[in-house]
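Working notes for the structure below.
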Amino acid sequence: MQTIAAIAELRPIIAQWRAVGERIALVPTMGNLHAGHIHLVEQARQRAQRVVASVFVNPLQFSAGEDLDAYPRTLAADQQQLAAAGTDLLFAPTEQEMYPQGRDGVTYVEVPGLSDILCGAFRPGHFRGVATVVSKLFNIVQPDLALFGAKDYQQLLVIRRMERDLNLPLEVVGIPTVREADGLAMSSRNGYLASAERQRAAQLYAVLTELSQAVRGGRRDYAALEQAAGERLVAAGFRPDYVSVRRAEDLATPDERERRLVVLAAAYLGKARLIDNLLINID
Ligand code: PAF
């Protein structure tokens, strides 16, 4: 596996693959890789002849006071894992390469509405930063498909909407969340959990599971269910930003007839902000 930091070096390699008709998949990451990321690479391998991964801790998607400086940079370990999983090329640019004009002079991509609710309401500018870096990565790598974990469900919908609205010539593929044995969704931020917090962290999944079972069982009093779930999280030591039942398609507030739903939560446990979600199909 080659690691490349310069866009000008990447382009001719991509052009060679394209010239012989090879299908190219992109797995964008911020590094500090875990089994969930490697699963994305494996899924990419099944769908394309060439797999490009990117590692870039994107400053634009961190608000002031968030963990940009503390975010773990583990490039050597990431390279080993990516190579072992069959990645063809790792694109690991510097901030200067991605934003040569500096953070303040960036041309942004903004997906209105979807970016402003749920996590977007608690992390202003976050999804604008994500949409901007992902559209740059799409333009740099020009993949046929790009794979994203469904743990970041709102991010997945923002990227899908961007792809549709800007007529981007690629497929955005969502891959189901990979979980630890106790149900905790795999995330780079799980590394922030102290060991006592790690014991309790799977309560987030347990609370969402209970909420989704109540909905499957016929409950439609979503506000009361959200309130009760939030209280259970607080009792387990979390500081919830939100627990919400939404329409799966677009995260709108659902009415009682909606059949495809998603329950989502974001909550702090110690200094780790954990997010998770479960899809519900009512037949
Ligand atoms: O999900 C992530 O790791 C990041 O938000 C992404 C998609 C790589 C953009 O920086």
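The values are calculated or read from the model by the stated rules, or taken from the named source; none is laboratory data. Because the structure is predicted, anything quoted here is derived from the model rather than measured. All Cβ positions, even for glycine, are placed from backbone atoms using ideal geometry, and neighbour counts span all protein chains on display. Side chains are part of the model used for accessible areas, which takes the heavy atoms of the whole protein and leaves out ligands, DNA and RNA. Shrake-Rupley method; radii C 1.70, N 1.55, O 1.52, S 1.80 Å.
Could you work out the relative contact order of region 74-182, using alpha carbon pairs under 8 angstrom and six or more residues apart, expressed as a whole percent? Could you put the intermediate results ahead of the total?
On the way: 84 pairs, mean separation 22.3, N = 109.
Over region 74-182, the number comes to 20 percent.
Just report the Cα centroid separation between region 56-118 and region 263-283, whole Å.
Using only Cα atoms to place each centre, the spacing works out to 22 Å.
Quick check: Cα centre of region 126-192 to Cα centre of region 1-53, how many Å?
Cα centres, region 126-192 to region 1-53: 15 Å.
Expressed as a whole percentage, what fraction of the accessible surface of the chain belongs to carbon and sulfur atoms when a 1.4 Å probe is rolled over the protein heavy atoms? Each step should come with its number before you reach the end.
Details: 6230 of 12840 Å².
Answer for the chain: carbon and sulfur cover 48 percent of the accessible area.
For the chain, find the longest principal axis of its Cα atoms and tell me its angle to the long axis of helix 222-235, 0 to 90°, nearest 10.
80
Could you work out the relative contact order of region 226-283? I mean the mean sequence separation of Cα pairs under 8 Å and 6+ apart, divided by the number of residues, in percent. Write down the numbers at each step before the final one.
Values: 99 pairs, mean separation 17.0, N = 58.
It comes to 29 percent, rounded to a whole number.
Please work out the average accessible area per residue across the chain, using the 1.4 Å probe convention, and give it in Å². Could you put the intermediate results ahead of the total?
Working: 12840 Å² over 283 residues.
Accessible area per residue, the chain: 45 Å².
Among ALA15, ALA44, ALA206, whose mean-square fluctuation peaks in a Gaussian network model of the chain (Cα, cutoff 10 Å)?
It is ALA15.
Kindly provide the GluC sites (Glu not before Pro) of region 1-67 that DSSP labels as loop, not H, G, I, E or B, and whose Cβ sees at most 16 other Cβ atoms within 10 Å. Walk me through the intermediate numbers first.
Working: sites: GLU9, GLU22, GLU42, GLU66; in loops: GLU22, GLU66.
Of the GluC sites (Glu not before Pro), the ones in loops of region 1-67 whose Cβ has at most 16 other Cβ atoms within 10 Å are GLU22, GLU66.
I need the chymotrypsin sites (Phe, Trp or Tyr not before Pro) found in region 50-105, filtered to DSSP loop residues with at most 10 other beta carbons within 10 Å of theirs.
Details: sites: PHE56, PHE62, PHE91; in loops: PHE56, PHE62.
Qualifying residues, ordered by number: none.
As I understand it, the value is the acute angle between the Cα axis of helix 203-216 and the longest principal axis of the Cα atoms of the chain; what does it come to in degrees, rounded to 10?
Once rounded, the angle reads 70 degrees.
When the solvent-accessible surface of protein heavy atoms is calculated with a 1.4 angstrom probe, in what order do THR74, THR132, THR107 fall, highest first? Display every interim value, and only then the final one.
Details: THR74 45, THR132 0, THR107 115 Å².
Per-residue accessible area, sorted high to low, gives THR107, THR74, THR132.
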